[in-house]
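The values are calculated or read from the model by the stated rules, or taken from the named source; none is laboratory data. Here the structure is a predicted model, which means the values were calculated and not measured. We place every Cβ from the backbone using ideal geometry, glycine too, and count neighbours over all the protein chains shown. Just so you know, the surface numbers come from the protein's heavy atoms only, side chains and all, with ligands and any DNA or RNA stripped out. Shrake-Rupley method; radii C 1.70, N 1.55, O 1.52, S 1.80 Å.
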Amino acid sequence: LQLCKESGCSMLLIGYEIFPGSKEERQGKFALSNDYMQLTRTIQKYGIAIKAHFIYGSETDDLRTFGQLWWFTLRLFPMLSSLCILTPVPNSRFYKKIEAEDRFINLNWSKYDFFSLVHQHPVVNRGLFGNGGLFVVFFFILTKSRVGVVLLAVLIIYISCCGMMF
């Protein structure tokens, strides 16, 4: 990390994908999720900012999971954050599973943007990611990153000022 900082590294993109305590954590490749906070703090001690990336919508995710993810990201409080919806990409195992179970609800490629739910989720109501999907993603970004909080504050101040003017 010292060499990264000395070489000019100012920010790392980390695909956390899941968070400690999520049901997906049982899978071997996510075994480090309980160490995410400590590892992130170590990186930040070297003056390297974090852009945290998360994917929501695995088969076991529900509204409670979204709340837990939101809370974890609040504690993590990265410089930037992003949230995508799990999307079945052609020829992936997940795509083949959704196809075999006939769970596609939209095969329009313009909706394969990682912000739209294109398959039936076993738990999450499609309405959450329907028209309100981008709202959910932007709410997450605006409340769960340093840059997002600044943008949200500017927006609130702007709305307050405009409200006073009229």
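Brief remarks on what is shown
- Matching residues, the range 68-102, being in contact with a Pro (Cβ under 8 Å, 6 or more places away or on another chain) and among the β-branched types (Val, Ile, Thr): ILE98
- Residue within the range 44-56 that is in contact (Cβ under 8 Å) with a residue 60 or more places away in the chain and part of a loop (DSSP other than H, G, I, E, B) present: no
- All conditions but one from (1) in a helix (DSSP H, G or I); (2) within 30 Å of MET37 (Cβ to Cβ) apply to PHE115; the one that does not is (1).
- Selection from the range 69-105 of residues that are within 30 Å of LYS45 (Cα to Cα) and either aliphatic (A, V, I, L, M) or without any contact (Cβ under 8 Å) to a residue 60 or more places away in the chain (or both): LEU69, TRP71, PHE72, LEU74, ARG75, LEU76, MET79, LEU80, SER82, LEU83, CYS84
- Within the range 97-122, the set of residues being among the aliphatic types (A, V, I, L, M) and open to solvent by less than 40 Å² (accessible area, probe 1.4 Å) comprises ILE98, LEU117, VAL118.
- LEU74 falls short on exactly one of the conditions (1) assigned to a loop (DSSP other than H, G, I, E, B); (2) out of contact with any His (no Cβ under 8 Å at 6 or more places or on another chain), and that condition is (1).
- Filter result (at pLDDT 85 or above, exposed (fewer than 15 other Cβ atoms within 10 Å of the Cβ) and under 25 Å from MET11 (Cα atoms)) within the range 43-96: LYS45, TYR46, GLY47
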